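So the structure is just underneath, and the comments pick up after that.
The values are calculated or read from the model by the stated rules, or taken from the named source; none is laboratory data. Predicted model, so just to flag it, every value in this text is computed and none were measured. Positions of Cβ are generated from backbone atoms using ideal geometry, with glycine treated the same way; all protein chains shown enter the neighbour counts.
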Amino acid sequence: MSPSSLSLALYQPDIPQNVGAAIRLCACLSVRLEIIAPCGFLWEPRKIRQSALDYYDRLEPKLHESWRDFIDLYQGQRRIILLTTKADSPYCGFRFEANDILLAGRESVGVPEEVHKAAFARVGVPMAEGLRSLNVVNACAMVLGEALRQTRWTQ
């Protein structure tokens, strides 16, 4: 996988099973996975393997020690597209680029304002009225599928 290709990043994930599911998703789609610490759980490969199954050995997520480490590495180099319920537009109307980083927030609280401000764009999944949010990996899969359709699968 090229470090300059499309990536999925999880901001301080709370649930190890979601990280496992993201590993499986990214391994199957040949997309780099980035984890921004601190996580809401101890990083124990055994627990994550339970959800990632044998895909754990197919994809090694890049672990960033903090938001600052992540943003220092990528700001000005790659567009950060934030997946959020506070979106400016629906993901299906957004024009993705092959070098984008799709960033999803914590399951419990999303991301702080400084992360919103650092994002190039904020996109969301349109949902039924009155409902709060999708599972983070389900939302990531939907948006990632569209980003890949636009950047990789149509070429």
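Among the residues of the stretch 71-94, those identified as in contact with a helix residue (DSSP H, G or I) (Cβ under 7 Å, 6 or more places away or on another chain) and over 22 Å from L131 (Cα atoms) are I71, Q75, I80. Just one residue in the set I23, I15 is aliphatic (A, V, I, L, M), under 29 Å from T151 (Cα atoms) and in contact (Cβ under 8 Å) with a residue 12 or more places away in the chain; that residue is I23.
Residues checked against (1) over 15 Å from L103 (Cβ atoms); (2) in contact with a Cys (Cβ under 8 Å, 6 or more places away or on another chain); (3) acidic (D, E):
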residue	(1), (2), (3)
I23	yes, no, no
R32	no, yes, no
S51	yes, no, no
D57	yes, no, yes
R68	no, no, no
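Scanning the stretch 99-133 for residues that are small (G, A, S), under 25 Å from K62 (Cα atoms) and either surrounded by 15 or more Cβ atoms within 10 Å (Cβ to Cβ) or at pLDDT 95 or above (or both) yields a total of 7. Would a scan of the stretch 146-153 turn up a residue that is under 24 Å from A27 (Cα atoms), out of contact with any helix residue (DSSP H, G or I) (no Cβ under 7 Å at 6 or more places or on another chain), in contact (Cβ under 8 Å) with a residue 40 or more places away in the chain and assigned to a loop (DSSP other than H, G, I, E, B)? Among the residues of the stretch 146-153, at least one is under 24 Å from A27 (Cα atoms), out of contact with any helix residue (DSSP H, G or I) (no Cβ under 7 Å at 6 or more places or on another chain), in contact (Cβ under 8 Å) with a residue 40 or more places away in the chain and assigned to a loop (DSSP other than H, G, I, E, B), which makes the answer yes.
One residue alone among A104, A128, A139 is small (G, A, S) and over 14 Å from the mean Cα position of the chain (by Cα), and that residue is A128. Taken over the stretch 125-141, the criterion of being in contact with a strand residue (DSSP E or B) (Cβ under 6 Å, 6 or more places away or on another chain) and not in a helix (DSSP H, G or I) is satisfied by P126 alone. The residues of the stretch 82-109 that are touching a residue at least 60 places away in the same chain (Cβ under 8 Å) and either farther than 18 Å from I15 by Cα or assigned to a strand (DSSP E or B) (or both), listed by number, are L83, F96, A98, N99, D100, I101, L102, L103, A104, R106. Look at S7 and say whether it is in contact with an Asp or Glu (Cβ under 7 Å, 6 or more places away or on another chain), closer than 21 Å to M142 by Cβ, crowded, with 19+ Cβ neighbours inside 10 Å and touching a residue at least 12 places away in the same chain (Cβ under 8 Å). Considered against the rule, which asks whether it is in contact with an Asp or Glu (Cβ under 7 Å, 6 or more places away or on another chain), closer than 21 Å to M142 by Cβ, crowded, with 19+ Cβ neighbours inside 10 Å and touching a residue at least 12 places away in the same chain (Cβ under 8 Å), S7 comes out as yes. Scanning the stretch 41-76 for residues that are modelled with pLDDT under 95, part of a loop (DSSP other than H, G, I, E, B) and exposed (fewer than 14 other Cβ atoms within 10 Å of the Cβ) yields L42, E44, E60, Q75, G76.
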